[in-house]
Amino acid sequence: MVYVADTWNQRIQVFREVDGMFVPERMWEIAGWYGQSLDNKPYLAVDDQGMVFVVDPEGYRVLQFTSQGEFVRYWGDLGNSNETFGMTGSVAIDPQGGVWVTDTGNSRLMHFNLPQE
């Protein structure tokens with residue numbers, strides 16, 4: 001599967017490979033990505049369980065979805081505390097399930113351990 005942040009259409013698209021071609025599998029809308037800046041585009045990451053993590057740079061938050069596009073949670077807000085962001089940048093998942101987020105607005109790398117579902 002290939003997950004695409006279709007920013008200006010405010011959706012995530014998922015494609016699967018069929019005979020060397022990528023065909024649409026599913027998509028879901030994102031309540032975010034309202035900024036039209038070319039510099040602040042969202043990143044996404046998919047963990048081993050298929051959870052999709054997406055940053056909303058100008059919304060100062062991280063969104064989590066199931067692989068089917070069901071909303072799970074979000075966290076963050078504007079600020080510089082341990083729970084807030086100056087602007088989210090990239091996101092990555094480590095082998096233990098920790099979520100790493102670059103906070104470009106505050107020049108830092110943040111790590112989050114999420115509650116188990």
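Only the coordinates and a few stated rules stand behind these numbers; no lab work does. In this text the structure is predicted, and so the values were computed from the model without any measurement. Don't worry about glycine lacking a Cβ; one is built from the backbone with ideal geometry, like all the others, and counts go over all protein chains shown.
Do me a favour and compute the ellipsoid semi-axes for region 40-112 from its Cα gyration tensor, root of five times each eigenvalue, largest one first, whole Å. Present the calculation step by step, with values, prior to reporting the outcome.
Values: eigenvalues 77, 32, 20 Å².
Largest first, region 40-112 gives 20, 13, 10 Å.
So if I place +1 on the C-beta of Lys and Arg and -1 on the C-beta of Asp and Glu, and nothing else carries charge, what would the dipole magnitude of the chain be about its Cα centre? I want it in debye, nearest 20.
Details: 7 positive and 16 negative charges, 32 e Å.
The calculated dipole for the chain is roughly 160 debye.
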Here, residue 21 and residue 6, labelled 7 Å along Cα→Cβ, have an inter-label distance in nm of 1.7 nm
The long-range amide H neighbours of residue 108, using H built 1.01 Å from N in the peptide plane and a cut-off of under 5 Å, are 103
Counting other C-beta atoms within 10 Å, and keeping those with at most 14, which DSSP coil chymotrypsin sites (Phe, Trp or Tyr not before Pro) do you find in region 33-78?
34
Projected onto the charge dipole of the chain (+1 at Lys/Arg Cβ, -1 at Asp/Glu Cβ, origin at the Cα centre), which of 49, 36, 1 gives the Cα projection farthest towards the positive end?
36
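Once the Cβ-Cβ distance between residue 28 and residue 111 is put in as r, and R0 is 35 Å, what FRET efficiency do you end up with, to the nearest 0.05?
Numbers: r = 27 Å, r/R0 = 0.76.
The calculated FRET efficiency here is 0.85.
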